[in-house]
Each structure stands twice: as structure tokens, then as C-alpha cells.
Amino acid sequence: MNKHYQVAGHTMAVSMSSSLCLSLAKRLSHYEPFAIPTDASTDPLFHLEVTTTDKMPDALEVEWRQDEEGQEIICGHIGTHPAFVFRWWGVTGGILTCSADYREATLQLFTGKPGQNDGDALHHSSTIDNALMVLFALASAPYSTLLFHASTVSRHNRAYLFLGKSGTGKSTHSRLWLKHVTDTELVNDDNPVVRILDNQEAWVYGSPWSGKTPCYRNVGYPIGGIVGLAQAPHNAIRHVWGLEAYALLTSSISGKRWDRCVADGLHHSVNQLISNTPIWHLDCLPDADAAILCSSTL
């Protein structure tokens with residue numbers, strides 16, 4: 001079966017067997033708001049073929065790894081092909097191998113061996129989620145597109161991104177806006193997509209990836225402001241510029257910075273974003289006053 005999904009104007013093409021699609025349908029339902037008709041004339045950003053295997057992959061030459069709350073992504077290469085292994089609490093979900101430009105990729109879901117717990121629907125759907133998110137971030141980088149780690153709200157047809165390290169309170173700050181700032185709606189709570197349009201205007205879009213909060217909205221808004229959060233015993237907001245703004249943004253963007261093409265694309269997009277978007281730093285408490293100060297300033 002072939003499926004097309006569109007996020008921030010980019011089309012993702014996914015193919016898998018009918019039986020595999022049926023077994024994972026419920027766990028991948030958050031992609032449906034982004035589904036578009038499959039059209040042979042469409043030139044997708046990338047094509048992902050999903051298969052299964054009961055064999056561990058060839059040795060991966062590791063370049064980098066991330067382990068967060070039991071979810072591990074191991075990045076490297078097999079021969080000349082970029083590759084990623086996805087593991088969940090010690091269980092291998094699968095391996096993604098890609099072309100050099102990330103436009104063609106194969107994801108092998110690991111079915112495990114008799115008696116093992118590998119290969120259940122949860123691990124497989126989570127592995128597909130991570131594979132699509134990684135591919136999207138890398139394949140879209142040359143096209144003025146940035147996948148952020150942020151919580152995002154909209155108000156009066158403008159969107160606002162809240163950035164910060166894990167545990168800073170991005171989701172909490174969004175909830176405070178929803179509760180105390182009228183006409184606020186949640187756009188995405190973990191992985192919104194920012195795209196710089198041809199007229200240099202920056203827009204942010206919902207995505208199928210929203211962390212622990214199920215917010216999968218196929219919407220887009222011009223960006224009214226980007227705010228870096230820091231926990232503090234007081235509430236204070238200030239405008240940031242130049243290198244401070246650059247560091248704030250780049251620390252919240254997904255990418256493979258040792259890949260020259262990806263890094264150049266991210267650098268160009270961040271420079272455009274800084275030039276055309278107000279960026280702020282907010283020292284804050286987790287209270288209503290912080291949300292009201294932030295919203296009134298922006």
C-alpha cells in the first residue's frame with residue numbers, strides 16, 4: 001500500500017504491505033489529518049519503504065547516539081549509506097538506511113526471534129514515527145524548513161513558539177496561555193515545523209509528531225514571535241538578537257550538523273528566521289503572570 005502525507009507543504013511517500021498497514025493502522029492514525037491523495041505526478045520530499053526482518057542488521061559504524069527516557073536513536077552509516085537504529089527500553093525496533101540526500105530510504109522493522117518481545121505493534125509504530133521524523137528533518141533542511149523541539153500556540157491568526165531545554169516548562173507555559181490568555185489554541189506540543197516562504201515570511205505548521213500530548217493538527221500560521229524560556233524566581237522578558245538568538249534557535253532544531261548539506265540548509269534558514277522574526281527570552285515562574293506578560297509583550 002502507498003500513502004502520501006503532507007506536512008508544511010512537503011509530501012512524504014510511504015509504502016508498506018497491506019497486512020503491515022492493517023496491523024498498524026490504529027497506532028498510526030495521527031497521520032490521517034495529513035493524508036493527501038496518492039498522485040503519481042507528485043514529487044515527494046522523500047519515499048520511505050517499510051519492510052520487516054528477523055535478522056539484526058549489518059554492523060553500524062556509529063557517529064552519534066541519543067538516549068532519552070529509554071528511547072534510543074543510534075546514528076551512523078553502513079558502508080556509504082546513512083543509517084539509524086531505533087531502540088525502545090533495550091528493544092530494537094528497526095533500522096533505517098537512506099540515500100545520501102535522504103530522498104530514498106528503507107525501514108526494516110525487527111520482528112525478533114521466538115520467545116523474544118521484539119517487534120510488537122507499539123515498537124513498530126514508534127519506530128515508524130521516529131524514522132519519518134528523522135527523514136523529514138534531514139530531507140527538508142535544504143528547503144528552508146526547520147523541525148523544532150518546541151511547544152507552539154496560536155492566537156488571532158499568529159503563532160508563538162516556546163523553546164527551552166527538556167524540563168524547562170515549555171508545555172506548562174503553553175497550558176498557561178490556554179488557560180489565561182483568551183482565544184489561544186495549541187498548535188503542537190513537541191515538534192512543530194517552521195518554513196521560510198519565498199517572500200521571506202516565516203510560518204509554523206502542526207505535524208504528526210507531538211510528544212506526549214496528542215495534538216496532531218494540520219494547520220499553519222505566520223509566526224508572531226519565538227520565546228526561549230528559563231526557570232526563574234521572577235517573570236521578566238527581553239528581546240534577543242545576533243549570536244544569542246542564533247544559539248537559542250539552533251539548540252532547539254533537529255538536524256545532522258556534521259552533514260554539510262544539512263548543516264548549510266539549517267544555517268541559511270536560521271539566519272533568515274533571525275532577520276525576519278522577533279525573538280525573546282523569558283525568565284519565568286510557572287504561573288499566570290508569566291503567560292500574561294509574555295502574551296502582552298508579543
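The values are calculated or read from the model by the stated rules, or taken from the named source; none is laboratory data. Predicted model only: the values in this text are computed from it and were never measured. Note that we place each Cβ from the backbone using ideal geometry, even for glycine, and neighbour counts take in every protein chain shown. Heads up: the accessible areas ignore ligands, DNA and RNA and are worked out on the full protein's heavy atoms, side chains in. Shrake-Rupley method; radii C 1.70, N 1.55, O 1.52, S 1.80 Å.
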Next on the checklist: Suppose a student asked you for the relative contact order of the chain, using Cα pairs under 8 Å spaced at least 6 residues apart; what percent would you report?
Outcome noted: 15 percent
Checklist entry - Solvent-accessible area per residue for the chain at a 1.4 Å probe radius, Å²? => result 46 Å²
Checklist entry - Which whole-number value in Å³ per residue fits the convex hull of the alpha carbons of the chain? => result 137 Å³
Checklist entry - Taking the Cα centre of segment 149-298 as the origin, how large is its charge dipole in debye, to the nearest 20, when only Lys and Arg (+1) and Asp and Glu (-1) carry charge on their Cβ atoms? => result 240 debye
Checklist entry - How big, in percent, is the set of alpha carbon pairs in segment 103-219 lying more than 17 Å apart? => result 62 percent
Checklist entry - How much FRET efficiency would the formula 1/(1 + (r/R0)^6) give for E32 and T80, where r is the Cβ-Cβ distance and R0 is 51 Å, rounded to 0.05? => result 0.90
Checklist entry - Of T42, T92, T145, which has the largest mean-square fluctuation in a 10 Å C-alpha GNM of the chain? => result T42
Next on the checklist: Give me the percent of accessible area attributable to carbon and sulfur for the chain, probe 1.4 angstrom.
Outcome noted: 52 percent
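Based on the inverse mean of 1/r over its pairs of different Cα atoms, what is the Kirkwood hydrodynamic radius of segment 178-293, in Å?
Averaging 1/r across every pair of different Cα atoms and inverting gives 15.7 Å.
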Checklist entry - Based only on the alpha carbon positions, what is the Kirkwood hydrodynamic radius of segment 73-161, in angstrom? => result 14.8 Å
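Whole number please: convex hull volume per residue, Cα atoms of segment 159-245, in Å³.
On the way: hull volume 11.0 nm³, N = 87.
Per residue, the Cα convex hull of segment 159-245 comes to 127 Å³.
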Checklist entry - According to the Cα gyration tensor, what semi-axes, each the square root of 5 times an eigenvalue, does the equivalent ellipsoid of segment 1-52 have, listed from largest to smallest in whole Å? => result 18, 13, 9
Checklist entry - For helix 288-297, what angle does its Cα long axis make with the longest principal axis of the chain, in degrees from 0 to 90 and rounded to 10? => result 80 degrees
Item to check | Cα centroid separation, segment 198-216 to segment 3-53 (Å) | outcome: 18 Å
Checklist entry - Where does segment 46-86 land on Rg/Rh, using Cα atoms and the Kirkwood Rh? => result 0.99
Checklist outcome for this item: Taking Cα atoms only, helix 121-140 is inclined relative to the longest principal axis of the chain by an angle, in degrees rounded to 10, of 60 degrees
Checklist entry - If you build the Cα gyration tensor of segment 232-277 and take the root of 5 times each eigenvalue, what three semi-axes come out, in whole angstrom, biggest first? => result 25, 13, 7
Item to check | P(r) tail fraction, segment 1-136 - alpha-carbon pairs more than 18 Å apart, % | outcome: 54 percent
Next on the checklist: For a test of understanding, tell me how many lysine pairs in the chain have Cα atoms under 27 Å apart, given they are 8 or more places apart or on different chains.
Outcome noted: 16
Item to check | Among H149, H30, H180: highest mean-square fluctuation, GNM of the chain, C-alpha pairs under 10 Å | outcome: H180
Item to check | Solvent-accessible surface (1.4 angstrom probe) belonging to D183, in square angstrom, nearest 10 | outcome: 100 Å²
Checklist entry - If you line up the long axis of helix 170-180 against the longest principal axis of the chain, both from Cα atoms, how many degrees apart are they, to the nearest 10? => result 50 degrees
Checklist entry - How big is the gap, in Å, between the Cα center of segment 77-156 and the Cα center of segment 173-188? => result 30 Å
